[in-house]
1. Where does chain B land at 222 nm, in deg cm²/dmol rounded to the nearest 500, when only DSSP H runs of n ≥ 4 count, each adding -39500 (n - 2.57), divided by all residues?
2. Suppose each label sits 7 Å from its Cα in the direction of the beta carbon; what would the B:Ala180-B:Val413 distance come out to in nanometres?
3. So with the 1.4 Å probe, I'd like the accessible area per residue for the protein assembly as shown, rounded to whole Å².
4. Quick one: among B:Gly341, B:Gly408, B:Gly255, which has the greatest mean-square fluctuation in a GNM of chain B with alpha-carbon springs under 10 angstrom?
5. So which residues of segment A:148-180 lose at least 20 Å² of accessible area, probe 1.4 Å, when you go from the chain by itself to every protein chain present?
6. Once the other residues with Cβ under 13 Å from the Cβ of B:Gly325 are scored (Lys, Arg +1; Asp, Glu -1), what is the net sum?
7. Need the C-alpha centroid separation for segment A:243-263 versus segment A:118-153, integer Å.
8. Can you tell me which aspartates and glutamates have their Cα less than 20 Å from the Cα of A:Lys132? Leave out same-chain residues fewer than eight positions away.
Amino acid sequence: MSEPHMDTAVDRSHMAVSDEVAIEIQAMNKWYGEFHVLKNIDLTVYQGERIVICGPSGSGKSTLIRCINALEEHQKGSIVVDGTLLSSDLKNIDKIRSEVGMCFQHFNLFPHLTILENCTLAPIWVRKTPKKEAEETAMHFLEKVKIPDQANKYPGQLSGGQQQRVAIARSLCMKPRIMLFDEPTSALDPEMIKEVLDTMIGLAEEGMTMLCVTHEMGFAQAVANRVIFMDAGQIVEQNEPHAFFNNPQNDRTKLFLSQILGH
Amino acid sequence: MSLSFVRTEMEEPQPAPSSTVGIVAWARTNLFSSIPNTILTIIALYLLVRLAVGIFPWIFLGVWDAGSLSECREIFAELYPDGREYACWAVIADRWDQIIFGYYSADQYWRPILGWILIGVSAVPVLYPNTPRSLLYVTVATAFVYPFLVWGGTIWPYLMAAVGFGVGYGVYRILAAVTAGNAFSSVIAVSGSVIAAAVWWIGLSGPISGALAEAMPWGIEAFRSRDLAGFALAITIGVVAIAASLPLAIALALGRQSNMLIVNKLSTGFIEMIRGVPLITLIFVAVVLLQYFLPSGTDVDPILAIMILVTLFTAAYIAEVIRAGLAAVPKGQYEAADSLGLNYGLAQRLIILPQALKIAIPGIVSNFISVFKDTVLVSIVFPNDPLGIADTIRADSNWNGIVWELYGFIALVFFLFCFAMSRYSLSLEKRLQTGHR
């Protein structure tokens, strides 16, 4: 974790952040039974922002982004995604999910379908895109993540890094306005982390709104325009990356940064 | 000594040593790898040879052409003065029709034969995905044509039964359109269609088909369930139970996983109740006790009752196998489907069930094999199954005393069906194997 994987700083001048709100979370609370996992989360994400969420394990960072597309249910407060209020109404949930892409730590590709079928399934069945058009879109995004030649293989025949890139392409095929990444490189061999991060940087450069839970601090420094540190279910500190890494304020943040950067 | 080492060229792959490939190597590793293994191999070979020497002549020197067991014995006495006897296969040749077709008259044999051909054709698109999808129309039609061929009578009851599905589907479409947007839309539409179909089948289809039969008595000779016998009976019950139990089992397994309390408890209760009672007891209750309790004059068709029970019984068992399959699909698959915006129905149909059923194939096919063999259990209330027919044949003075030939043949037929199912299941597992997991 110590050395940043990005050898060159990414040019961020053109990655403009608009003042249009993409996600608005207000006083959001979540409990697992009696256990209070998320405490009074307030977070506003603007269109085009790249946010990295870090923190010790069990701090609630994964749970937070999983609440945004309702993989986890929150019990108090409000989450508004792209103008749609997240409630228990299944219609709203499906609408939000089809606009928010998500990549998981363990990729979660569908093992019984080919790479191409993985990418075309949701557009065909959810968006009602004609099969041919969906396949063209899928090939476009598979080229973008640099694995078009694997389109007819099954996920089990690909390396971890390739699978994660397919997972990114699969999400992109739904033309999402927001992408959530839940520790996308944590299950990968060191050699493969870079290829996934490069893909994510490419996305960022195109102006995708991204929320990444990751321990790749190099990625955070290179791409993020805001880093959020969470501990014990709350947002402890957030800042733009330079200030966050060089001048952390909270003691818990300082300790965390010294642990992961210091050895 | 230096520890430093740098490889300058990579080595080419070389063929494996000849002592590790080929038949000799195979025999050495599998049959003669150690002294105990060698001893076991020799003992097993000896027993196999003894078995073959003992049984093969009995099978292959048997007599196929005789009118009775005593005639068989006369032939053996003539051929082998030393008193040796071999199989009297003549009983199979003589009673072939009865064992296979039961009590259909000879001019009606085309009915079960045509029915089995239809079943064969309709199984093709279900078993092999690369065959023309239009064959599925044959599959759907067979569900109604096969009972018509077996039981006969006018075509109207079968047609009206089919119309019931149309009614249910129509009501589903209408209710789904009317309640679109409502959170309970699918629940309302499904329950409405089930109720409509039930009303149709229970209340309306009987009088309507009766009236139509009066007006247009199109049909073939009616055949009573009680006369259904032999393998015609076993295959009919087996195929109906196998075909009907799988969809029911899937519904039960999904119901048992459901978050809706009522659906969940009903499915669980049904599965546990059926699994908690022996099949023989269920059959006995259905046929004997129902007959006793229902108002006199109500005729419980024993075969229909048995078919329904065997189907429910199998479905309860398979539901548990499928539930295990569902539990084996990683949670991430549900989440990935959810995150792509797939609703419950799509996620189950496209993502979860294909994987769960693949995992469950061995268990499902085991249950299919088991239910096909369990069809002989009907003999406790209804002595027309293949074994019952064997008893009938043995009661005939011509064939009194014959045992091995008759039961051996019936066992062979059952074995062929079950072995075919087992091999298909293996090939299916192989075909669905994707990637190296």
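The values are calculated or read from the model by the stated rules, or taken from the named source; none is laboratory data. Small disclaimer: the values here were computed from a predicted structure and weren't measured. Cβ placement follows ideal geometry from the backbone for every residue including glycine, while neighbour counts extend to all protein chains displayed. When the accessible area is computed, the model is the full protein with side chains, heavy atoms only, and any ligands, DNA or RNA have been set aside. Shrake-Rupley method; radii C 1.70, N 1.55, O 1.52, S 1.80 Å.
1. On the way: 18 runs with 290 residues, N = 437.
Counting only the DSSP helices, I get -22000 deg cm²/dmol.
2. Output for this residue pair reads 5.4 nm.
3. That works out to 52 Å² for each residue.
4. B:Gly341
5. Residues losing area: A:Tyr154, A:Gly156, A:Gln157, A:Arg170.
6. Values: positive: B:Arg256, B:Arg323, B:Lys358; negative: B:Glu320, B:Glu429.
Around B:Gly325, the surrounding residues sum to +1.
7. 42 Å
8. Qualifying aspartates and glutamates at Cα under 20 Å: A:Glu117, A:Glu143, A:Asp149.
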